[in-house]
Amino acid sequence: MRRAGPISSSMAPMRPTNGLLGESIRRSTSRGSTVRTIVVCAAITFSATSCNTKKIVDGGVVPARPLPGAYDAARDLGALFHDAQMAQVFADSKTLVDARPVVAPTALRAQYEAQRGKAGFDIRKFVSQSFVAPSA
């Protein structure tokens, strides 16, 4: 069996050679600044994942995270959102996300918490009275 020896220059890992990032990595590593390369790559990765960047979903562009103060059905409605989705109140699970509550989400959440334990409570009726479904 052959023993592994030191890596020769022909066996060194390939560096990217195309694109702006690849060019900067190649230049910085050719000067022996491996630490700077790692810091630059980490900074690019961090900024790309931590910013409120946009992403394309189903042909449309949407914020990666909800903006502060913006309505977020899953967050603002809590158990009501979960229970309505599990009960499949709407044929499409996105409909409830796009529907707008007729009262403030906090008030709606409180109404739901007060009524859901009562005998004869119908979540479909509650949702239909509490939301305006999006138009097609």
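Numbers for the structure displayed
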{"read-out": "Scan of segment 80-136 for residues that are outside any helix (DSSP H, G or I), touching a helix residue (DSSP H, G or I) at 6+ places or on another chain (Cβ under 7 Å), buried (at least 16 other Cβ atoms within 10 Å of the Cβ) and without any contact (Cβ under 8 Å) to a residue 40 or more places away in the chain, ordered by number", "value": "89, 101"}
{"read-out": "Residues within segment 91-125 that are under 16 Å from residue 76 (Cβ atoms) and of a type in the set (A, V, I, L, M, F, W, C), tallied", "value": "9"}
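We did not get these values from a lab; they are worked out from the coordinates using the rules stated. Treat the numbers as computed from the prediction; the structure is a model and nothing was measured. Please note: Cβ atoms are built from the backbone with ideal geometry, for glycine as well, and neighbour counts cover all protein chains shown.
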